[in-house]
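A short worksheet on the structure shown next.
The values are calculated or read from the model by the stated rules, or taken from the named source; none is laboratory data. In this text the structure is predicted, and so the values were computed from the model without any measurement. When we count neighbours, we look across all protein chains shown, and the Cβ atoms used for this are built from the backbone with ideal geometry, even at glycine. Heavy atoms of the whole protein, side chains included, go into the accessibility calculation; ligands, DNA and RNA do not. Shrake-Rupley method; radii C 1.70, N 1.55, O 1.52, S 1.80 Å.
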Amino acid sequence: MIRIALKSLLARKLRLALMVFAIVLGVSFVVASFVISDSLGSTFDKLSTDIEGRTDLTVRMKQEFGDASQRTPIDASVLDVVKRVDGVQAADGAITAIGVTPIKANGDPIKRLGPPLFGIGYGTAAELNPLIQVDGRPPVGEGEFNLDITAAKDDGFVVGERYTISTPTGNHQATLVGTIAFNSLENDTVGAVLTVFDTPTAQKFLALEGKYSEIAV
């Protein structure tokens with residue numbers, strides 16, 4: 001049987017070569033997918049650690065199932081309650097939403113293949129704020145915003161210029177008054193874009209008026 005099998009294979013060398021190639025290619029794809037998955041997993045685990053690195057406790061609404069980004073926001077009044085708890089050194093309301101897109105000067109939106117485009121609140125508690133002001137100053141009011149240094153550099157955003165920003169509540173005009181880095185001057189966003197507003201503006205533009213995404217303690 002072995003002799004017959006070998007004879008059959010050798011008689012059809014092209015088919016044998018294609019079969020071997022298909023096996024090698026298939027195994028390579030499987031191995032590559034595992035390597036990429038593990039690499040992405042570890043990268044976003046690090047990002048999550050960086051985001052929560054200054055936080056001992058997070059207060060947020062309970063969610064049994066579903067995408068964490070769809071979690072019900074928490075009422076802003078809870079922040080005052082948390083601040084009065086014995087032992088709390090600092091507490092701040094965090095505001096985060098996906099789908100906030102700055103529009104470049106030529107009218108094209110910022111695009112990323114995979115990493116999200118975040119809109120966030122600048123925050124008021126220095127102990128809990130992972131943002132580092134690199135250039136300019138923090139945003140104040142509805143007519144101002146900050147952008148992370150990587151997006152500003154790669155997409156040609158200039159401090160002092162006015163831009164359109166697409167948000168869950170529509171398009172808004174705002175001046176770029178500064179750039180920030182996330183967590184370190186290397187800007188550990190893993191490719192994500194951070195568009196930053198002051199807290200009241202973030203609440204209004206991101207459809208979270210009177211709410212926070214969560215409260216960091």
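Report, by chain and number, residues whose modeled amide H sits under 5 Å from the one on residue 211, excluding near sequence neighbours (fewer than 5 apart, same chain).
HN-HN under 5 Å from residue 211: 76.
Placing +1 at every Lys and Arg Cβ and -1 at every Asp and Glu Cβ, with all other atoms neutral, what dipole size does region 58-171 have around its Cα centre, in debye to the nearest 20? Intermediate values should be presented prior to the final figure.
Working: 11 positive and 15 negative charges, 29 e Å.
In debye, rounded to 20, region 58-171 gives about 140.
Once label points are set 7 Å from the Cα along Cα→Cβ at both residue 159 and residue 1, what is their separation, rounded to one decimal in nm?
So the label points at residue 159 and residue 1 sit 7.7 nm apart.
Please list 171-177, 199-205 highest first by mean number of surrounding beta-carbon atoms within 10 Å per residue.
Numbers: 171-177: 16.7, 199-205: 21.1.
Taking the mean over residues of other Cβ atoms within 10 Å, the ranking is 199-205, 171-177.
Taking all pairs of different Cα atoms in region 85-217, averaging 1/r and flipping that mean, what Kirkwood radius in angstroms comes out? Spell out each step's value before the answer.
Numbers: mean 1/r = 0.0677 Å⁻¹.
Result for region 85-217, one decimal place: 14.8 Å.
On the accessible surface of region 150-214, probed at 1.4 Å, how many percent belong to carbon and sulfur atoms? Intermediate values should be presented prior to the final figure.
Values: 1260 of 2630 Å².
That share works out to 48 percent.
Which pairs, out of 83/153; 62/153; 104/204; 83/111; 111/204; 83/104, put more than 28 Å between their alpha-carbon atoms?
On the way: 83/153 38 Å; 62/153 38 Å; 104/204 22 Å; 83/111 39 Å; 111/204 24 Å; 83/104 40 Å.
The pairs that break the limit, which is 28 Å between Cα atoms, are 83/153; 62/153; 83/111; 83/104.
Which one of 203, 160, 145 has its Cα pushed farthest toward the positive end of the charge dipole of region 145-217, where Lys and Arg give +1 and Asp and Glu give -1 at the Cβ?
203
Taking a quarter of the surface of the Cα convex hull of region 67-129, what do you get in nm²?
Values: hull surface 25.8 nm².
Approximately 6.5 nm², given one-decimal rounding.
What full-extension length gain, to one decimal in nm, is calculated for residue 125 and residue 75 as 0.36 nm per residue of separation minus the Cα-Cα distance? The partial results should precede the final answer.
Working: separation 50, 0.36 × 50 = 18.00 nm, distance 1.82 nm.
Answer, rounded to one decimal: 16.2 nm.
So how far apart, in nm, are the two label points at residue 134 and residue 184 if each is 7 Å from Cα heading toward Cβ?
Here the modelled spin labels are 1.4 nm apart.
Please report, in cubic angstrom per residue, the volume enclosed by the convex hull of the alpha-carbon atoms of region 145-217.
On the way: hull volume 7.8 nm³, N = 73.
So the per-residue hull volume is 107 Å³.
For the ranges 75-84, 143-152, what's the packing order if you count other beta-carbon atoms within 10 Å of each residue, average per peptide, and put the highest first?
Values: 75-84: 13.8, 143-152: 22.4.
My ranking of the peptides, most packed first, is 143-152, 75-84.
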